[in-house]
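Each remark here refers to the structure printed beneath this line.
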Amino acid sequence: CARTFEHPDQLLAARFMPDGRSIVTLCQDTALRIWSREGALERTVTLDEVPFNTEDRPADLAIAGTSGSIAFGQATEVLVIDDAGDEIARLPGDGSSVQGVELSSDGRSALVTTASGRIAWWDVATATETVVREEGVAIFAPRISANGTTVSVASDYSVLVFDSAFGLQDRHATSAAM
């Protein structure tokens, strides 16, 4: 049976919480909503002073598996909050639109991609960025493997896969157009 989760404005992203019993949604009205799987709204976290750019729809939402931290990117930065909505970190980015964000399972690292083609690995506690590479084309859909050893990102025609150790080395790139 399908369930509908109504929102007052355009929905930008949705993800399951690690326990699989709740769903987090990010809406254009700058609110995160946490829903039960049955469709009941459990709570709303209003995100004040968040730079939502209505012209750049790309947004992404990530949830750390063990810490419950929530990260989302919109406009030119990533905000990391705890499940009560309190800010943990603000990751400023490179000035171009954030296309994707993924948190490590412990919430200590974030993989962020931008419209300018930047792929960056962030230490959330210190808000320190390590630029993995600059592609020159929009990069999106960053993902970290369950065991944290491999990361992937996508462009229009390619998927890049890296080892996740600092100094990330290319392991494999599929498709030719990058």
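The values are calculated or read from the model by the stated rules, or taken from the named source; none is laboratory data. Here the structure is a predicted model, which means the values were calculated and not measured. Virtual Cβ from ideal backbone geometry, glycine too; neighbours counted across all protein chains shown. The accessibility values were calculated without ligands, DNA or RNA, using every heavy atom of the protein model including side chains. Shrake-Rupley method; radii C 1.70, N 1.55, O 1.52, S 1.80 Å.
What the table below lists for this structure:
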quantity: Residue that is modelled with the lowest pLDDT [pool: residues in segment 70-103 that are within 18 Å of residue 162 (Cβ to Cβ) and either among the aliphatic types (A, V, I, L, M) or open to solvent by less than 20 Å² (accessible area, probe 1.4 Å) (or both)]; calculated: 100
quantity: Any hit, segment 2-22, residues being over 16 Å from residue 73 (Cα atoms), among the aromatic types (Phe, Trp, Tyr), in contact with a strand residue (DSSP E or B) (Cβ under 8 Å, 6 or more places away or on another chain) and touching a residue at least 40 places away in the same chain (Cβ under 8 Å); calculated: yes
quantity: Selection status of residue 124, in contact with a Gly (Cβ under 9 Å, 6 or more places away or on another chain) and open to solvent by less than 10 Å² (accessible area, probe 1.4 Å); calculated: yes
quantity: Residues that are open to solvent by less than 100 Å² (accessible area, probe 1.4 Å), farther than 10 Å from residue 33 by Cβ and of a type outside the set (Gly, Ala, Ser), drawn from segment 9-21; calculated: 9, 10, 12, 15, 17, 18, 19
quantity: Those residues of segment 109-118 which are surrounded by fewer than 22 Cβ atoms within 10 Å (Cβ to Cβ) and touching a strand residue (DSSP E or B) at 6+ places or on another chain (Cβ under 7 Å), in sequence order; calculated: 109, 115, 117
quantity: Any hit, segment 57-65, residues being crowded, with 17+ Cβ neighbours inside 10 Å, without any contact (Cβ under 8 Å) to a residue 40 or more places away in the chain and more than 25 Å from residue 21 (Cβ to Cβ); calculated: no
